[in-house]
Each structure stands twice: as C-alpha cells, then as structure tokens.
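This report concerns only the one structure given below.
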Amino acid sequence: MAMLTMVKALNLALSEALREDADVVLLGEDIGQDGGVFRVTEGLLEEFGHDRVIDTPVAEAAIAGAAVGMALYGLRPVAEMQFSGFAYQAFHQVEGHVSRFRNRTRGRYSLPMVIRMPYGAGIRAIEHHSESREAYYAHTPGLKVVIPSTPRTARALLRAAIFDPDPVIFYEPKAVYRAMREEVPDEPEALPIGKARIVREGSDITFVAYGAMVRAAEEAADDLADLDGVSAEVIDLLSIAPMDTATILNSVEKTGRLVVIHEAPRRCGVGAEVSARVAESGIEHLCAPIRRVTAYDVLFPYFARERAHLPSSDRIVGAAREVLAF
C-alpha cells in the first residue's frame, strides 16, 4: 500500500483505467500539458499521448457534448469540468442528452461516461469556485452522483464510475484534495456505487455526511465522546444518487436520533432528502426531531467569511446536544 493524497489517488485510478482499457479517453481544459488545474491528470499526457488525454477549448458545453458522442461511439470518456461552478454552461447537455439516452433509445444505447468536477469550499476562492450544487444533478433522473471523502474512496469510486455502463457525475471535494493521506492498495479496487460506508460505529446518535463534511462529522463525534460520553455513528454516503437508504435506516433504528451534515445550502438539499426518507420509512424509530447542519441559504461568501458559512464540528456538536436533550 502507498500513502496517497486524494489528488494522487484519482491520478492512480485514471492511469489504471487508461492502461487496462483502450476505450478510456480523458478530455477537459488544461488536463494534458498542465496536468489539470489541481494536477489530477499530471503525467498522463506523457504516458498515453494526445489521442487519449485531450486538451479542449474553454467550452464546457462542447466538452460534455463531445463526451456524449464518444460514449455513443463506444468509448469510455472521462470529462473534467475545471470547477463545478463552470459546469452550468454544459447543463443543457447533461440534462438533455447525458441523462436521457438510455431512456430515449429504450435501452439500446447507454452512455458509459464520467464527468469529474472539483466542488465545494476550502481554497478561499472567488465566486463560482466554492459552491456545492450536487442536488441539481441528484434531482436529474438518469444520472448517478458520486462524492468520495478520502483518497481510498476516491480511487475506488472513480474506477467504479469509469467502468459503469451509465453516466456518472463525479464530485470531488477540493478541501480534501491534499488535506490528508491514506493507505491505498497497490491492486486496483472498486467500491459499489450506491452503497454508503459506516466510518464509525455508535449507539446514541447518527451523523450522515459526505465529501469534506465527513471529517467535520468525525471531529464532532470525537468531541461528543470526550466531553459528553456520547457514542455517535458516522455514515459517509459516498453516493447521493442512488442513495443507500437501508444503511441510514438501520443506523437510526439503533440510535433513534439523526443529524445530517452537508456544505450545500439547506433548502432542497441532500439533507432534506435524507430526512424525508427517514421520516417516511423510519419515523417509529426516532426519539427526537431530525436536525440538519448545513451552509446557509445565501450565495457563497468571499473567503473572509468562508469558515463562518460552512458547518463546523462545533455546530454539529450543538445540533447533536439539542437532539440528545429532546
């Protein structure tokens, strides 16, 4: 095993897929010569050449549209949007074509393609660089939406996404890109899309999070254990479409209490979907109202207010104490 950052783990997954399958092709702005703005594709142009690591114009709609054509032809394109905030220029391609081809052709054609997007806060950037808009894609039928939280899950989920027969939106939390290292196996591995993981087992309260917020949930669980003697179970969704409802319900049945954490705005977010599923199918197990700890329903602020806008371990602990005291 090697100790890798998420950037290196993603690079490993891409290089493995390129070697194993001649149909895998990468395309995006600056992914070749520059190795991508975050260097996720560094070194791949030199190894695999211009025909398989393709620098594109600054034209997100063209990137997504070209990937659709490649996938219909039989390739496995992996398209990169430099930041998720720029991907709205391609949303008509994603909603109108990427998500619909299997249904439109009654199953005759699928689109085995991935659209990678760095998302979220953590780099003190200007507008269009820090937003979390994963709910747009999860709300779009025909798309799978995957969000890793660690280097190992990033490598394993990206591999699964590349070899999936259907289109996958792959959201990468920028705050985790180089924030930690984790042991990643030498042999290729894949995680099933649509299956959550239990990061930490507990008996008193359930935390559900994904992406960079998994670390905040773990910190809050540590604080609750040290300060209050509370045992918190932490679930990392990994995939928000499809969503692993069974794992969430099983945990809530055990703990009776739920706090959902994400860095997207609260209104109509993934936390609302998690809460609704538990209310619909597991309300008899709840001992207290569900709490959501999220960003606020405002445009993402500039970097001076970034930390105040995002969920923190202190905010999560506060919400947990309210739920536990109910």
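The values are calculated or read from the model by the stated rules, or taken from the named source; none is laboratory data. None of these values were measured; they are calculated from a predicted model. Heads up, the Cβs are rebuilt from the backbone with ideal geometry, glycines too, and the neighbour counts pull from every protein chain shown.
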Practice task
Look at THR153 and say whether it is within 21 Å of ARG76 (Cβ to Cβ) and among the hydroxyl-bearing types (Ser, Thr, Tyr).
Solution key: yes
Handout entry: Filter result (within 20 Å of TYR73 (Cα to Cα) and exposed (fewer than 13 other Cβ atoms within 10 Å of the Cβ)) within segment 21-48
Key = ALA22
Problem - For LEU249: the one exception among (1) closer than 16 Å to ILE205 by Cα; (2) of a type in the set (A, V, I, L, M, F, W, C); (3) out of contact with any helix residue (DSSP H, G or I) (no Cβ under 8 Å at 6 or more places or on another chain); (4) surrounded by fewer than 21 Cβ atoms within 10 Å (Cβ to Cβ) - result: (3)
Handout entry: Residue within segment 134-144 that is over 10 Å from the mean Cα position of the chain (by Cα) and crowded, with 23+ Cβ neighbours inside 10 Å present
Key = yes
Problem - Selection count, segment 275-297, where residues are surrounded by fewer than 18 Cβ atoms within 10 Å (Cβ to Cβ) and either basic (Lys, Arg) or farther than 14 Å from VAL208 by Cβ (or both) - result: 11
Practice task
Hey, can you tell me all the residues within segment 289-316 that are part of a helix (DSSP H, G or I) and either of a type in the set (Gly, Ala, Ser) or assigned by TED's automatic domain parsing to the domain that holds GLY120 (or both)?
Solution key: ALA304, ALA308, SER313
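Each row is one residue, and each column tells you yes or no for (1) in the same structural domain as GLU127 (by TED's automatic domain parsing); (2) in contact with a Gly (Cβ under 6 Å, 6 or more places away or on another chain); (3) of a type in the set (Gly, Ala, Ser); (4) part of a helix (DSSP H, G or I).
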position: ARG267; (1), (2), (3), (4): no, no, no, no
position: ILE283; (1), (2), (3), (4): no, no, no, yes
position: CYS287; (1), (2), (3), (4): no, yes, no, no
position: GLY318; (1), (2), (3), (4): no, no, yes, yes
Practice task
Kindly provide the set of residues from segment 36-69 that are at positive phi and either under 21 Å from the mean Cα position of the chain (by Cα) or modelled with pLDDT under 95 (or both), ordered by number.
Solution key: GLY36, ARG39
Exercise for the section: Among the residues of segment 68-83, write down those that are of a type outside the set (D, E, K, R) and either closer than 19 Å to PRO57 by Cβ or not assigned by TED's automatic domain parsing to the domain that holds GLU131 (or both). Expected result: VAL68, GLY69, MET70, PRO77, VAL78, ALA79, MET81, GLN82, PHE83
Problem - segment 52-71 residues that are under 13 Å from ASP23 (Cα atoms), paired with ones that are β-branched (Val, Ile, Thr) (beta carbon under 6 Å, 6 or more apart) - result: ARG52/VAL25
Handout entry: Condition met for ARG257 (of a type in the set (Lys, Arg) and more than 30 Å from ILE126 (Cα to Cα))
Key = yes
